[in-house]
Each structure stands twice: as structure tokens, then as C-alpha cells.
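Contents: one structure, followed by commentary.
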Amino acid sequence: MIKSLSSLIFVIVFCTTISSCKTEVNDSKYSFYHWKTNFNLTEQDKTHIQDGQSNILYMRFFDVDFNTKENKPLPIATVQFSKDFEVVVDTIVPVVFIKNEVFKHITLEESKSLSKPVSQKIKRLFKSYFEPQKMLTKIQIDCDWSQNTKMKYFAFLESLATYFDNIELSTTLRLHQVKYREKTGVPPVDKVVLMAYNVGDILNIDETNSIINNNITSQYLQRLSEYPLPYDLALPVFEWAILYRREKPVAILNNYSLKTFSENFRPTQTLNIYKATQDCYISSNFIYKDDVIRIETVSKNDLKKLSELIKAASTKPYSTVFYHIGSPVLSNFTNDDLKTFCYN
């Protein structure tokens, strides 16, 4: 009896120990967006992608903007591949960014017609660089559509789907499109990706951080659990600097160094705000003396709070995509950090 009791206690303790170990292990998988115009992954980029273990990379193929000179939508900023580029994932998801302005300038029929050249360019790029080693199974369209453009954008999506066989079509989703979906509509796609960043007012020089603002985000999540489509989550791991002139935004600077700031700017009394002490160039932008720059980044603490807000508001599991690979901010996060931001 004593022996049996001892055995039972051992089994209980053993099972409890194993269970505890399992809860401590976070096997969440995540993926990244690649948003640069040139595709040439560094060794560090490859490590980050492989650590995510999702075997998926969301790659911006090109943008679509409305060309006023030719009076029609045209592709711009097509991704360029280095001669010896290497892809370390099984699945490449082409992403096309379409400015909402495009659908303000074209008719409903023209929106449907736009799907043909977009689909052709996607297929052409994918075939040139990834087939036959990889199959085209997913496509994503990134567009911050509005109440006034939803019919045209949705018509474009429906038409685009007809040009592909057995494709998962997704679109990006902003927070306002979750809260006010009766006005902005629900897109005719298989899945959406909630972009939980860029929520602040970038036009306002008094904004503290337009990339991540958890107070604003929390006001838009009450209806996330009711959203009628499957969704994934996109979280920010990037930084930028907003250039203001006479208190008006004139440029977003993505490539800059602290050395450049220290030589040409002085800090002000406001956190992360710097004033130019002389004329200079940054990221091909001419900076005038007394121009103001606000540096915005994503801290570990803010990102943790943001991920917790989404987890609390969601009632179903989702995958996490980080924007974006190649960002210097990624060096501030370990693989375990990124896993904790994912749905468990």
C-alpha cells in the first residue's frame, strides 16, 4: 500500500513537473514583412526569419499609385532582387500596396479592370524569381480603404481573385475598419491582417508617437472578437523620424544615423524632438536650419502592452507578422521576446 502510494505520488509530481515545463515553453511561430525595395537578406535577417519558424515571408512586390500625368493607376517601387539572393522560407506571399487615392480617381469598372494588370505583374515577378521551386498559394493586398472607396476596392478584390486558382487572398485591416465595419464594410477575401500600428496623428507636431499608441488602440478593439473573417495580426518593429517644417510634416526619414543627428541637431525640451542647427542632408532630404525632427520607435514595454491588448480582445487564435525584417529595431528583441508577443 505504501509502495503503491509512493508510486502514485511520483506519477503526480512527475506529470505536474512536465506540465509546468510545457507551460513555460512558448512554441509560438511568427513571420515577417519584407518592405524594402531591394531584396537582399543579410545573415542576421535570415536568422530572424528562421527563428520565427513559420516558413512564411510576406514580400512587398510593388505599389500602385495614381499617375496624374497619364491619368491612370500605375505600378511603382517594384522590388529588385540581388543577383545571388537567397530565400530561406517555403512560402512567399506577394504583397501589393495600393494607395486609397487610386480608388478615388477611378470608376467601379476601372477598379475591376485594374485587377488584370496587377495579377499579371504578380505572376510575372513570382515566375521570374521563385518558380518552379515555390508555389504561389497566398496573395495579400494592402490598402487603407475608406467608406467612400469600399465598393471600388471590394470590386477590385473580387475581380483579382478570378485570375488565380486555389489562392488564399487576404487584405490588410485597420483599427477603424474593425470598429466601424458597417460603414467601411467587410472585404470579400479569405482572411484579413489587422495592422495594429500607425494609429497616432502623424500630421500633429505635438504627437508623441504615431507608430504605437496603446491608449488609442484600446478604444478600437471592443468589436474585434465579433469580426466575421479570420484574422492575423501585424505588429510593429521599426522606427522612423518625422521631419517638420513650420510645424507641418514634410517627410518621413527611414535611413538616418545617430551620428548625423549629433552633428546637425540639438535636443529640445520635448522628448525625442530635435531641432536642426544648420542646413544638411538626411536620406536625400534637404534639411533647413530650425527644421524639427521627431524620432519614433517601438519599445519592448509598449509592444508587450499592445500584444496583450489584442490577446485580451480576441476570442480566436491568430498568427503574428512583424513589420518589418531588416529593421534596426529588431536587434532590441530576442526570439523569446517576439514569441511572447504572439498568440499563445
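The values are calculated or read from the model by the stated rules, or taken from the named source; none is laboratory data. If you're wondering where the values come from, they're calculated on a predicted model, not measured in any experiment. Cβ placement follows ideal geometry from the backbone for every residue including glycine, while neighbour counts extend to all protein chains displayed. Ligands, DNA and RNA are stripped out before the accessible areas are found, and what is left, the full protein with its side chains, is counted by its heavy atoms. Shrake-Rupley method; radii C 1.70, N 1.55, O 1.52, S 1.80 Å.
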Which value, in Å², gives the accessible area per residue of the chain when a 1.4 Å probe is used on the protein heavy atoms?
53
Using modelled amide H (1.01 Å from N, peptide plane; none on Pro or chain starts), what sits under 5 Å from the amide H of Asp144, excluding residues fewer than 5 places away?
Asn100
Given only helices, namely DSSP H runs of n ≥ 4 each adding -39500 (n - 2.57), what is the per-residue ellipticity at 222 nm of the chain, to the nearest 500 deg cm²/dmol?
-10000 deg cm²/dmol
State the percent of C-alpha pairs, over all pairs in the chain, separated by a distance greater than 26 angstrom.
57
Treating cross-link reach as a plain straight distance, find the lysines whose alpha-carbon is under 23 Å from the alpha-carbon of Lys83, omitting any fewer than eight places away in the same chain.
Lys36, Lys46, Lys121, Lys123, Lys127, Lys134
Residue-by-residue Karplus 3J(HN,Hα) for the range 237-251, coefficients 6.51, -1.76, 1.60, Hz, glycine and proline x:
9, 8, 9, 7, 10, 9, 9, 10, 10, 6, 6, 10, x, 10, 6
For Val193, enumerate residues with amide H under 5 Å from its amide H, sequence gap 5+ or separate chain, H modeled in the peptide plane.
Thr171, Thr172, Leu173, Asp232
Rank these residues by their accessible area, most exposed first, probe 1.4 Å: Leu258, Leu306.
Leu258, Leu306
Any chance you could look up the accessible area of Trp35 with a 1.4 Å probe, heavy atoms only, rounded to 10 Å²?
60
Heavy atoms of Val250: accessible area, 1.4 Å probe, square angstrom to 10
70
Amide H neighbours of Phe322 under 5 Å, at least 5 residues apart or on other chains, H built in the peptide plane: list them.
Ser31, Phe32, Tyr33, Leu235
Using the Kirkwood radius over Cα pairs, work out the Stokes-Einstein diffusion coefficient for the range 271-332 at 25 °C and 0.890 mPa s, in µm²/s as a whole number.
162
Antiparallel versus total DSSP beta bridges in the range 167-314: what percent is that, nearest 5?
70
How high is the relative contact order of the chain, in percent, counting Cα pairs under 8 Å that sit 6 or more residues apart?
17
The number of Lys pairs in the range 243-344 whose alpha carbons lie under 16 Å apart, excluding pairs fewer than 8 residues apart on one chain, is 8
Where in the range 54-90 are there chymotrypsin sites (Phe, Trp or Tyr not before Pro) that are in a DSSP coil and have at most 12 other Cβ atoms within 10 angstrom of their Cβ?
Phe85
For the range 209-267, what relative contact order do you get, as a whole percent, if you take Cα pairs closer than 8 Å and at least 6 residues apart?
19
Solvent-accessible area of Arg245 with every protein chain in place, 1.4 Å probe, in Å² to the nearest 10
60
